[in-house]
Amino acid sequence: MRKSIKKLFQASLLAVVFFVATQSYAQLPVNTLGISASFASPSNMAGIIYTISNNMEFGVGILFNNESYSVETGTAAESRTTIGIGLHGSYYLSHGDVSPYLQLGLNYTGYPKEGSGPSEKTSNAIDINFAFGGHAFVVKSFAVWGQIGLGYSMYSETQNSNTQGRNNLYLFTSAVGASFYFN
C-alpha cells in the first residue's frame with residue numbers, strides 16, 4: 001500500500017512539473033469555494049475547501065478507509081470500514097507555478113463496534129497532522145497537489161468499561177490529491 005502511494009505521489013509530481021512547464025495560472029481570489037479529494041495514509045478524504053485569504057485555505061471533509069486482515073493464518077480475511085471527519089488549514093508560503101504550503105490538520109475517526117453484550121468493543125482515534133506540500137494548477141479551476149509530513153495519533157479502545165489507549169507518531173506520511181474550484 002505504501003509503495004503504491006509513493007508511486008502515485010511521484011507520478012503526481014511528474015505531472016505537476018509537466019503542466020508547470022507549459023503554462024501558469026493565477027492564484028485563486030479570496031472567498032473561492034471548491035471540492036477536493038486525496039489519497040493518503042492512513043485515510044482517504046473527500047471534502048470542501050474555501051479560500052479565506054490570499055495565503056490561507058480551510059477545508060472540512062469525510063475520511064474513509066477500508067482494511068482487510070486475517071486474524072489467524074489460513075482463515076478468511078475480515079474487513080472493516082472506518083469513517084471520520086477531518087479539518088485542515090493550509091498556509092501558502094508563496095504563489096507561482098507551484099505554490100508551496102504548510103498544512104495543519106485535525107481528524108476524528110470512529111471505528112465500527114466489534115462484538116456484542118459484555119464483549120462489545122468500541123474504539124476511536126484523534127489525529128493531529130502537519131505537512132509541507134506543493135500545489136499546482138493544471139487549468140484555471142483545477143489543481144493537483146502532493147504533500148509529506150508527520151502525524152500524531154491518539155487511539156482509544158473501550159471494552160467492559162475498561163479503556164485502553166495508545167499514541168503513535170507517524171513520520172513521513174504522504175498524500176496526493178486534486179482540487180476543483182468554483183471560480
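Observations on the structure shown:
- Within the stretch 70-128, trypsin sites (Lys or Arg not before Pro) in DSSP loop having at most 11 other beta-carbon neighbours inside 10 Å: none
- Three-way shape call for the stretch 38-154 based on the alpha-carbon gyration tensor, with the a/c threshold at 1.5: prolate
- Pairwise label distance in nanometres, Val60 with Glu78, each label 7 Å out on the Cα-Cβ vector: 3.4
- Residues in the stretch 28-44 carry Karplus couplings, in order, of 5, x, 5, 6, 9, 9, x, 10, 9, 9, 9, 10, 9, 10, x, 10, 8 Hz; the curve used is 6.51 cos²θ - 1.76 cosθ + 1.60 with θ = phi - 60°, and Gly or Pro positions show x.
- Inter-centroid distance (Cα atoms) of the stretch 78-94 relative to the stretch 104-151, Å: 3
- Hz values of 3J(HN,Hα) by residue in the stretch 165-173 - Karplus curve (6.51, -1.76, 1.60), Gly and Pro given as x: x, 8, 10, 10, 10, 10, 9, 6, 5
Here, each number is a calculation from the coordinates, and none is a lab measurement. What you see is a predicted model, and the numbers here were worked out from it, not measured in a lab. Ideal geometry is used to build each Cβ from the backbone, glycine not excepted, and the neighbour counts take in all protein chains shown.
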